[in-house]
Amino acid sequence: MSDLTRLTAAEIAGLVAAGETSATEVTQAHLDRIAAVDDRVHAFLHVDTEGALDAARAVDARRAAGEPLGPLAGVPVAVKDVLATKGVPTTVGSKILEGWRPPYDATIVQRLRAAGTVMLGKTNMDEFAMGSSTEYSAYGPTRNPWDLERIPGGSGGGSAAALAAYEAPLAIGSDTGGSIRQPGAVTGTVGAKPTYGGTSRYGLVAFSSSLDTPGPCARTVLDAALLHEVMGGHDPRDSTSIPAPVPDVVAAARLGATGDLTGVKLGIVTEFSGEGAEPGVLAAFRESVDALTKMGAEIVEISCPHFSYALPAYYLIAPSEASSNLARFDGVRFGLRVGDDGERSLEEVMSLTREAGFGPEVKRRIMLGTYALSSGYYDAYYGQAQKVRTLITRDFTSAFEQVDALISPTTPFTAFPLGSRTADPYQMYLADLFTIPTNLYGGPGISVPCGLSDGLPVGLQVMAPTLADDRMYRVAAALESALGTFTPPAL
Ligand code: GLN
């Protein structure tokens, strides 16, 4: 058997179902790969060796007994440490949750188990999913397998790096402003943010509840679609979950893979396709546009004038929601508790716990959000940002009256060197310049590899109307069929 870690999820599921390999062999191959490279990459915060092998053996036993297997049976998956996993440490990249073992599984984790996937462990992330480089993890940064001196993106850098380093064929991410798509772009992998409400937030540690969207990460568009189908769909335990079937993303990915985009009309976002992005990123984007045209797509330029205000609006709305959501980390209910010597008041203990448990970026967000919501400033900051959010939604609505989907580079720049943007928060925030509008609107967006710039991956973003996730998979799969996938230098 060739190296099992090089296979796609679709291939692994096929081989396991046919009995040509076992879930146990596949899982062991990935655990061995993690043991060989993760001390350099640091994609994982926790590897659940025993849990993974138990799950794999259970799949093999079901197959031996002739019982039906789930659609991704035997396929290993790495889960961002933002999702609650029963009995398995869940830290959100923060010291404040160190040692917490949730008493329950997030809905998505339950669905992954039901589909027969094998959870390898929990992946590294910026603390509370706030960041674009994974350098704000309280447990040290993850490195980009393309160049170990560079960032893998964030906040879900661990999930993206695990894919690029062949430590896992599938991973779960969460995208509040770009945390699935931006790591996908800078690691040469695929990352999809589903329609808001299309994937369950039950058991997802909340950052910004009106924006947070869990989604699939993979090395191919079809694999992302297969994972999307398994993890998505209505969940009565999430009040903002949409009671609608998952769009047929797998069929759309297969259709796209035929390389025919006849009749598909795409809009290039004018504001995101000129200055503001590195020349190498724009060059790869332009070449991809040519490839899409050759496959029959009709391409027009569309101006979305309010997209330029998305970043400032996001940095009021997201911190405001975070300042409220993070109030629950008080040293009483979860994880860390500092200074409880029997003498100090409850308030002192809470304050000492939060002082010790949260890192500087999280504290910055809590302060920003508290300020934006404070009486006398609420209308000027939070209220104004909500109005901008409405205008951005209108830009999307009017664009989708003219085209089927919008395209842009996923990120303005490729993977930057570790440490180069941590001193200036604004420079870090710019990484999500092109991904944030989609979150404010609530529609789906995907990043698909579209070329290299100076040897580093570039991503193309496809944005579609709400609940038309299938459209973005079709376009992304078509581009992948024309350009192929991108493999980093051997680790
Ligand atoms: N980088 C953005 C932030 O820091 C987005 C993060 C995310 O999508 N979770 O808030």
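Here, each number is a calculation from the coordinates, and none is a lab measurement. Just so we're clear, the structure is a prediction, and the values are computed from it rather than from any experiment. Virtual Cβ from ideal backbone geometry, glycine too; neighbours counted across all protein chains shown.
Quick check on my filter: what residues within the range 167-196 are near the ligand (Cβ under 9 Å from one of its atoms) and not polar (S, T, N, Q)? Within the range 167-196, GLY173, ASP175, GLY177, GLY178, ILE180, ARG181, LYS193 qualify.
Quick one: in the range 305-342, of everything that is hydrophobic (A, V, I, L, M, F, W, C) and farther than 17 Å from MET367 by Cβ, which residue is surrounded by the most Cβ atoms within 10 Å (Cβ to Cβ)? Break it down into steps so the answer makes sense when it comes.
First, pick out the residues of the range 305-342 that are hydrophobic (A, V, I, L, M, F, W, C): 307, 310-311, 313, 316-318, 322, 326-327, 329, 332, 334, 336, 338.
Now restrict to residues that are farther than 17 Å from MET367 by Cβ: 307, 310-311, 313, 332, 334, 336, 338.
Working: PHE307: 26, ALA310: 28, LEU311: 17, ALA313: 24, VAL332: 12, PHE334: 18, LEU336: 19, VAL338: 19.
Among those residues, the one meeting the criterion is ALA310.
Condition check ((1) over 15 Å from HIS42 (Cα atoms); (2) part of a loop (DSSP other than H, G, I, E, B)) across all residues:
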| position | (1), (2) |
| --- | --- |
| GLY99 | yes, yes |
| PRO102 | yes, yes |
| GLN110 | yes, no |
| LEU120 | no, no |
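Take the residues of the range 362-375 that are in contact (Cβ under 8 Å) with a residue 60 or more places away in the chain and closer than 21 Å to LEU440 by Cβ: which is surrounded by the fewest Cβ atoms within 10 Å (Cβ to Cβ)? Show your work before the answer.
Taking the range 362-375 first, the residues in contact (Cβ under 8 Å) with a residue 60 or more places away in the chain are 362, 364-365.
Applying the additional criterion that residues be closer than 21 Å to LEU440 by Cβ yields 364-365.
Numbers: ARG364: 14, ARG365: 26.
Per the criteria, the residue is ARG364.
Just one of the numbered conditions (1) over 25 Å from ALA185 (Cβ atoms); (2) within 15 Å of the ligand (Cβ to nearest atom) is not true of GLY87: (2).
Taking residues in the range 376-405 that are within 30 Å of LYS265 (Cα to Cα), and partners anywhere that are surrounded by fewer than 14 Cβ atoms within 10 Å (Cβ to Cβ) and among the aliphatic types (A, V, I, L, M), the pairs with Cβ atoms closer than 9 Å and at least 6 places apart or on different chains are GLN402/VAL300; VAL403/VAL300. On the stretch given as the range 145-160, residues that are more than 12 Å from the ligand (Cβ to nearest atom) and aliphatic (A, V, I, L, M) total 2.
Screening SER174, SER210 for residues that are more than 13 Å from the chain's Cα centre (by Cα), touching a residue at least 24 places away in the same chain (Cβ under 8 Å) and closer than 27 Å to LYS86 by Cα leaves exactly one candidate, SER210.
Whenever a residue of the range 14-33 is closer than 12 Å to ASP60 by Cβ, its partners that are polar (S, T, N, Q), lying with C-beta atoms within less than 7 angstrom and at least six residues away or across chains, give the pairs VAL16/SER22.
Only one of the numbered conditions (1) within 16 Å of the ligand (Cβ to nearest atom); (2) closer than 30 Å to ALA291 by Cα; (3) charged (D, E, K, R) is violated by ARG201, and that is (2).
Residues of the range 357-401 that are more than 30 Å from LEU336 (Cβ to Cβ) and in a loop (DSSP other than H, G, I, E, B): SER375, GLY376, TYR377, TYR378.
Scanning the range 431-444 for residues that are within 11 Å of the ligand (Cβ to nearest atom) and either more than 12 Å from TYR309 (Cα to Cα) or part of a strand (DSSP E or B) (or both) yields ALA431, ASP432, THR435, THR438, ASN439. Apart from one condition, LEU31 fits all of (1) farther than 28 Å from GLY184 by Cβ; (2) crowded, with 18+ Cβ neighbours inside 10 Å; (3) not aromatic (Phe, Trp, Tyr); the exception is (1).
Across the range 77-97, the qualifying residues are those that are more than 17 Å from the chain's Cα centre (by Cα) and not in a loop (DSSP other than H, G, I, E, B), and the one among them that is surrounded by the most Cβ atoms within 10 Å (Cβ to Cβ) is ILE96. Applying the condition of being among the hydroxyl-bearing types (Ser, Thr, Tyr) and under 19 Å from PHE400 (Cα atoms) to the range 297-331 and asking which residue is nearest to the ligand (Cβ to nearest atom) yields SER308. Candidates in the range 111-137 are the residues that are of a type in the set (Val, Ile, Thr) and within 16 Å of the ligand (Cβ to nearest atom); of these, the one that is nearest to ASP81 (Cα to Cα) is THR123.
When GLY140 is tested against (1) more than 12 Å from the ligand (Cβ to nearest atom); (2) at positive phi; (3) crowded, with 24+ Cβ neighbours inside 10 Å, only condition (3) is not met. Taken as a whole, the condition of being within 30 Å of PRO141 (Cβ to Cβ), within 14 Å of the ligand (Cβ to nearest atom) and either of a type in the set (Phe, Trp, Tyr) or not in a helix (DSSP H, G or I) (or both) applies to PRO412.
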